[in-house]
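Structure, as structure tokens:
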Amino acid sequence: MNRSRAELGGIPTPIMATYFAQRASAGLLISDATHVSPMSVSSLNAPCLYSEAHVNGWRRVTDAVHRAGGRIFVQIRHVGRVSHPSRLPNGTLPIAPSSIAALEETFTPDGPQPFPTPRVLSTEEIGGVVDEFRLAAEHGLRAGFDGVEIHAANGYLIDQFLRDGSNQRTDCYGGFAANRVRFLLEITEAVVEVWSAARVGVRLSPHTAFGDMRDSDPVTTFLHAAAALNRFGLAYLHLIEGVSGSECAPQENAPRLARRMRTAFGGSLIINGSYTRPLADEVIASGEADLVSFGVPFLANPDLPERLRSGKPLNSAATNRFYGGNVLGYTNHSEDARGYTDYPTLGNPSLFNHL
Ligand SMILES: Cc1cc2nc3c(=O)[nH]c(=O)nc-3n(C[C@H](O)[C@H](O)[C@H](O)COP(=O)(O)O)c2cc1C
């Protein structure tokens with residue numbers, strides 16, 4: 001999860017190594033969404049993976065996790081239209097499949113502003129963006145990660161291609177679901193040329209409206225994506241389909257997709273979105289998913305696996321400390337530890353000092 005504790009320019013900091021090592025008892029850790037190029041950036045202190053300095057910074061994180069006995073995948077992301085010229089090289093416009101702005105606001109040096117109407121990627125330019133994901137995957141290997149998760153969820157660039165609310169292209173990347181899935185498949189192909197497919201996962205979020213996302217027929221779009229990914233033999237599909245009533249649950253009258261996507265995908269399906277231990281047991285017993293992932297509960301509980309096993313109560317998250325520093329570009333490292341690396345564990349209950 002993006003916690004915005006990297007240096008300006010996206011170099012991972014030592015505190016990030018501490019944070020992930022504290023959570024090394026996870027079956028699998030997945031890193032912050034990590035930007036694949038200067039044009040892919042959301043906030044300035046989110047981590048990146050396009051330069052040697054990024055590789056070296058992440059190496060400190062992966063070493064710390066491995067020393068603590070854990071495993072960590074890097075999640076690679078391009079945010080596409082949900083960026084702003086104030087954060088992009090030469091003040092340029094963000095890129096997207098179509099010239100459709102996300103009708104939401106973003107932080108800028110001049111206060112909250114609407115997302116701009118993005119510049120449309122030409123058909124010829126798309127291969128260059130695929131190459132950015134390939135390079136990030138190569139860098140991930142050299143940085144010592146155990147695998148890669150392709151972030152195709154939550155309204156970012158790949159999701160913008162998948163859903164017809166943001167993709168109105170008339171070339172082979174737009175129109176029918178088979179065309180809208182093409183960009184994701186080309187990126188997956190590129191990543192599995194670098195990594196064994198058994199070390200690569202993909203994250204999808206059919207119901208998430210975040211980033212002004214919508215699709216006229218999510219059942220067809222996402223079942224098509226799951227079936228098309230089947231051919232690669234990936235480690236997993238990571239589906240955001242929250243428990244009923246959560247932000248990322250299906251809207252009223254919309255069907256849950258997990259069971260059908262699991263069948264179409266044919267491999268392990270991880271499900272996510274406001275799960276608790278009992279609800280996780282339920283969703284696995286029901287056959288909708290093979291595994292459950294935890295976001296907010298894990299950021300607030302470094303020893304989450306032990307707490308889930310023993311039924312001990314969970315710390316609640318300090319939501320005002322979700323993001324460190326400042327999205328506009330300065331970092332304040334003494335502040336950054338608060339609500340990040342100072343959550344108490346069962347063995348050390350005195351750490352909690354960030355509220
Ligand atoms: C502070 C914060 C940062 C997040 N960053 C990411 C991210 O970088 N990549 C991603 O795929 N999801 C991200 N998410 C979404 C979570 O991964 C997860 O889907 C969501 O919190 C629901 O799961 P949970 O109820 O277990 O927390 C973030 C959520 C929060 C609250």
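Go through Ala178, Ile158, Gly267 and say which Cα lies farthest out towards the positive end of the charge dipole of the chain; charges sit on Cβ, +1 for Lys and Arg, -1 for Asp and Glu. Of the candidates, Gly267 comes out farthest on the positive side.
Return the carbon/sulfur percentage of the accessible area of region 1-111, one whole number, probe 1.4 Å, all protein chains in place. Show your work: numbers first, answer last.
Working: 2150 of 3830 Å².
Solvent-exposed carbon and sulfur of region 1-111 make up 56 percent of the total.
Label separation (Glu189 vs Gln168): 2.8 nm, computed from points 7 Å beyond Cα along the C-beta direction. Computed extension length for Ser286-Ser244: 13.7 nm, one decimal, from 0.36 nm per residue of separation with the Cα-Cα distance subtracted.
Could you rank the peptides 187-195, 113-121 by their average count of other C-beta atoms within 10 Å per residue, with the highest value first? Mind showing how you got there, number by number?
Values: 187-195: 20.1, 113-121: 16.7.
Top of the packing list down: 187-195, 113-121.
Accessible area per residue of region 133-173 at 1.4 Å probe, in Å²? Walk me through the numbers on the way to the answer.
Details: 1010 Å² over 41 residues.
About 25 Å² of surface per residue is accessible.
What does the C-alpha gyration tensor say about the overall shape of region 249-295? Classify as rounded when a/c is under 1.5, otherwise prolate if a/b is larger than b/c, or oblate. Oblate. Given Ser99, Asn320, Gly147, which one lies farthest toward the positive end of the charge dipole of the chain, if we put +1 on the Cβ of every Lys and Arg and -1 on the Cβ of every Asp and Glu? The listed residue farthest towards the positive side: Gly147. Excluding Tyr323 itself, calculate the net charge of residues whose Cβ lies under 12 Å from the Cβ of Tyr323, where each Lys or Arg counts +1 and each Asp or Glu counts -1. Here the charged neighbours net out to +1.
Using 1/(1 + (r/R0)^6) with R0 = 45 angstrom and r between the beta carbons of Asn348 and Ser216, what's the FRET efficiency to the nearest 0.05? Kindly include the intermediate steps, with their values, before the conclusion.
Details: r = 51 Å, r/R0 = 1.13.
Step by step, r from the Cβ atoms, then E = 0.30.
Candidates Leu49, Gln75, Val65 compared by Cα position along the dipole of region 1-114: farthest toward the positive end lies Val65, with charges placed on Cβ. Taking the Cα centre of region 29-176 as reference, the dipole from Cβ charges on Lys and Arg (+1) and Asp and Glu (-1) amounts to some 320 debye. Label positions at Ala254 and Thr108, each projected 7 Å from the Cα along the C-beta direction, are separated by 2.9 nm.
The values are calculated or read from the model by the stated rules, or taken from the named source; none is laboratory data. Nothing here was measured: the structure is a model prediction, and the numbers come from that model. Neighbour counts run over all protein chains shown; Cβ positions are idealised from the backbone, glycine included. Protein only, heavy atoms only, side chains kept; ligands, DNA and RNA dropped before computing areas. Shrake-Rupley method; radii C 1.70, N 1.55, O 1.52, S 1.80 Å.
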